[in-house]
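Written out below as structure tokens is the structure these notes cover.
The values are calculated or read from the model by the stated rules, or taken from the named source; none is laboratory data. What you see is a predicted model, and the numbers here were worked out from it, not measured in a lab. Here Cβ is always computed from backbone atoms with ideal geometry, including for glycine, and neighbour counts include all displayed protein chains. In case anyone asks, the SASA skips ligands and DNA or RNA and just uses the protein heavy atoms, side chains included. Shrake-Rupley method; radii C 1.70, N 1.55, O 1.52, S 1.80 Å.
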Amino acid sequence: MKPFKFKYFEIQQSEDVFRVGTDGVLLGILADVENASEVLEIGTGTGLISLMLAQRNSHASFLGIDINAAAAWLTKTNFEHSPFHSRLKNIHQDLKAFETEKKFDLIVSNPPYFEESGSDKDKIARQTIELNFQQLISASAKLLSDHGVLSVIIPAEAGRIFVETASENHLFLNRKVNIKGIENSKTKRLVLEFSFVKEVIEESDFIIEKSPRQYSDQYLELTKEFHVFNSRG
């Protein structure tokens, strides 16, 4: 499978691991990484999100974990060949068995959300059997620093249950970005950010395309330091 080339790094891809997708890119450009020093990514896949965040924050250290051995190997390869390799580490690890004394300023995840799917990679990466929202949230609550942030991208229809589950774990919604595929369409994804501090929720909309196959100015502006193209080809 061909690698996916960004301006400053390249993502090797595999048939056994979800390839670079829009959801990962969106979390990579929208997650609040600016003030983080220690970042954890849960479910790295190719390592894309951590690599984008490492480009945006030049001093933070990153740890990625993934239950899928093929994904862990691929992430390791992509981390090692990036210009940020000295700040990036990953391990093949089930979140349910993950233990560390370290606390993280930012935890990011593009979590599984399909109940059923066909291939083995789908079953691992997208079934709630392996990592459901409750497990992700409860683990994050234990791993976050006092002022840490949990940042996720999920389907819009899963937003209510995710927010409710987070609240039960004393994580409160601080930021909500409504992702729309095209102008004037329904919200299809949400970027949600939580912390232990109750704040007024910052809500905004993000439009991917202004017309079919034509990226919005908003998308182009935030991805200009990553993508090597200016419009969808």
Self-check item: Taking all pairs of distinct alpha-carbon atoms in the range 48-105, Kirkwood radius in angstrom
Solution: 11.9 Å
Quiz item: Please state the Cα pair-distance histogram of the chain with 5 angstrom bins from zero: what percent is in each bin?
Solution: 1, 7, 15, 19, 21, 18, 13, 5, 1, 0
Practice problem: Go through 187, 46 and list them by solvent-accessible area, largest first, probe radius 1.4 Å. | Solution: 187, 46
Quiz item: residue 174's amide H: which non-local residues (gap 5+, or another chain) put their own amide H closer than 5 Å, with H modeled 1.01 Å from N in plane and none for Pro or chain starts?
Solution: 193, 194, 195
Self-check item: Alpha carbon centroid spacing (whole Å) that separates the range 1-48 from the range 158-233
Solution: 16 Å
Quiz item: For the chain, modelled as a Gaussian network with Cα springs under 10 Å, which listed residue fluctuates most, 159, 24, 45?
Solution: 159
Practice problem: Straight distance only, please: which aspartates and glutamates reach the Cα of residue 142 with their own Cα at less than 14 Å, same-chain residues fewer than 8 apart left out? | Solution: 99, 101, 105, 168
Practice problem: Determine the calculated [θ] at 222 nm for the chain from helices alone, applying -39500 (n - 2.57) to every DSSP H run no shorter than 4 residues and normalising by the residue count; nearest 500 deg cm²/dmol. | Solution: -8000 deg cm²/dmol
Quiz item: Based on the Cβ-Cβ distance of residue 34 and residue 1, what FRET efficiency does E = 1/(1 + (r/R0)^6) give at R0 = 45 Å, to the nearest 0.05?
Solution: 0.85
Exercise. Could you tally up the Lys pairs in the range 1-110 with alpha carbons closer than 26 Å? Skip any pair fewer than 8 positions apart unless they're on separate chains.
Key: 12
Quiz item: In square angstrom, what is the accessible area per residue of the chain with a 1.4 angstrom probe?
Solution: 49 Å²
Self-check item: Sites residue 183 and residue 96, calculated FRET efficiency, Cβ-Cβ separation with R0 35 Å, nearest 0.05
Solution: 0.30
Practice problem: Please list the non-local residues whose amide H lies under 5 Å from the amide H of residue 64, H modeled 1.01 Å from N, same-chain partners needing a gap of 5 or more. | Solution: 41, 89, 90, 91
Quiz item: Based on Cβ point charges of +1 for Lys and Arg and -1 for Asp and Glu, what charge dipole magnitude is obtained for the chain about its Cα centre, in debye rounded to the nearest 20?
Solution: 560 debye
Quiz item: In the chain, what percent of the accessible surface is made up of carbon and sulfur (1.4 Å probe, ligands and nucleic acids excluded)?
Solution: 49 percent
Exercise. For the range 146-155, take each phi angle, set θ = phi - 60°, evaluate the Karplus expression 6.51 cos²θ - 1.76 cosθ + 1.60, and give the result in whole Hz per residue in order, putting x for glycine and proline.
Key: 4, 10, x, 10, 9, 10, 9, 10, 9, x
Exercise. Could you pull out every residue, at least 5 positions away or on a different chain, whose amide H is within less than 5 Å of the one on residue 145? Hs are placed 1.01 Å off N in the peptide plane, and Pro or chain starts have none.
Key: 104, 105
